[in-house]
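The values are calculated or read from the model by the stated rules, or taken from the named source; none is laboratory data. Everything numeric in this text was worked out from a predicted model, so none of it was measured. Reconstructed Cβ throughout: ideal geometry from the backbone, glycine too, with neighbour counts over all protein chains shown.
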């Protein structure tokens, strides 16, 4: 169970109520008490329940970078993956503009599908004073919209009544029903392992920076673990292997195989547009077959960089004019994508690539 919500919503108290003991710090203060992800466990009935408390959403004392680092930690702490995100909202206080955007925040930081695993937990249920929760929700269009986005799944909680275990039992039953609807599966968070291949100067390192959404301070560091669009991933940027001397190339292949153990989910074969293709690039397919193996082609997406050089021409048209590229794309299962290096703020090009990576990872288990 992963608890998310803005500062003061009652996340930590809810975690304590679920676990039946004081595990998470709570205090009446304007700032978020929880600054790092914390995990608590308890046996409830015949099972062990793990609860992860996260920092307050939109906590102004935390930088975006720090928050992203905590999200990566949260994902790792919930291995093999969360069964539910409890979006904690306090009853009896103004529903803020920030809270209206919480679903988008969850999707941005944990992935689009995370809402299928989300239940809204309304705290301070004693505020209702006998009024049905359904009626309370119906009085606010914004709340109704939020509830709809979360599949109309919600539950009331009174953290002042920790002894009332019925509310916890009912919550766990609601979670079980949702998990069954999701095929009995947890929300997957296996870290995709992505290896970039290409000749020197093809734009591999720039492609990594576009995916990350930031310049890398240490370009010599070939392995980057990051959270992109809510997904943790490991990106391995190889030196120009395709045009490297044989000994160096074989040493580097051993290195990236070790770094991506048990194996890469996807190879991004980076080719720069609008430059003359070298003999090494024209023999890329043979190079992959000889040095990595035939199965690697099934895990390969051809990533064309500097798409701004197309000047209005479609990428399909560009590929169609070059027999070698046509054959290469076909042998890679038709998987290709382009990056416009001059438009680094275009998140759509990254989102679309991540969707293609996910499709390949699901289709071809390594």
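Rundown of residues vs (1) on the phi > 0 side of the Ramachandran plot; (2) loosely packed, with under 12 Cβ neighbours inside 10 Å; (3) in contact with a helix residue (DSSP H, G or I) (Cβ under 7 Å, 6 or more places away or on another chain), yes/no style:
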position	(1), (2), (3)
263	yes, no, no
266	no, no, yes
298	no, no, no
334	yes, yes, no
339	no, no, yes
358	no, no, no
Legend entry - Segments classed as helices (runs of 4 or more DSSP H), wholly inside the stretch 66-174, with at least 2 members that are under 25 Å from residue 49 (Cα atoms) and modelled with pLDDT of 80 or more: 102-110
Legend entry - Single unsatisfied condition, residue 21 versus (1) in a loop (DSSP other than H, G, I, E, B); (2) surrounded by 18 or more Cβ atoms within 10 Å (Cβ to Cβ); (3) at pLDDT 90 or above: (2)
Inset, instruction - Kindly list, by first and then second residue, each pair from a residue in the stretch 152-167 that is at positive phi to a residue that is surrounded by 17 or more Cβ atoms within 10 Å (Cβ to Cβ), limited to pairs with Cβ atoms under 8 Å and residues at least 6 apart or on different chains. - result: none
Inset, instruction - Determine, yes or no, whether residue 272 is in contact (Cβ under 8 Å) with a residue 24 or more places away in the chain and over 18 Å from residue 353 (Cβ atoms). - result: no
Inset, instruction - Kindly indicate which of 358, 290, 352, 321 is closer than 22 Å to residue 249 by Cα and in the same structural domain as residue 236 (by TED's automatic domain parsing). - result: 290
Inset, instruction - Just one of (1) in contact with a helix residue (DSSP H, G or I) (Cβ under 9 Å, 6 or more places away or on another chain); (2) more than 17 Å from residue 122 (Cβ to Cβ); (3) free of Cβ contacts under 8 Å to residues at least 60 places away in the same chain trips up residue 57, so point out which. - result: (2)
Inset, instruction - Give just the number: which of (1) surrounded by 20 or more Cβ atoms within 10 Å (Cβ to Cβ); (2) at positive phi does residue 213 not satisfy? - result: (1)
Inset, instruction - Hand me the list of helices (runs of 4 or more DSSP H) wholly inside the stretch 253-350 holding 1 or more residues that are at pLDDT 90 or above. - result: 315-320, 323-331
Legend entry - Given (1) without any contact (Cβ under 8 Å) to a residue 12 or more places away in the chain; (2) part of a loop (DSSP other than H, G, I, E, B), index of the condition residue 355 fails: (2)
Inset, instruction - Kindly indicate the residue of the stretch 24-57 that is assigned to a loop (DSSP other than H, G, I, E, B), buried (at least 18 other Cβ atoms within 10 Å of the Cβ) and under 23 Å from the mean Cα position of the chain (by Cα) and also modelled with the lowest pLDDT among those meeting that condition. - result: 34
Inset, instruction - Considering every residue within the stretch 342-352, establish whether at least one is in contact with a helix residue (DSSP H, G or I) (Cβ under 6 Å, 6 or more places away or on another chain) and without any contact (Cβ under 8 Å) to a residue 40 or more places away in the chain. - result: yes
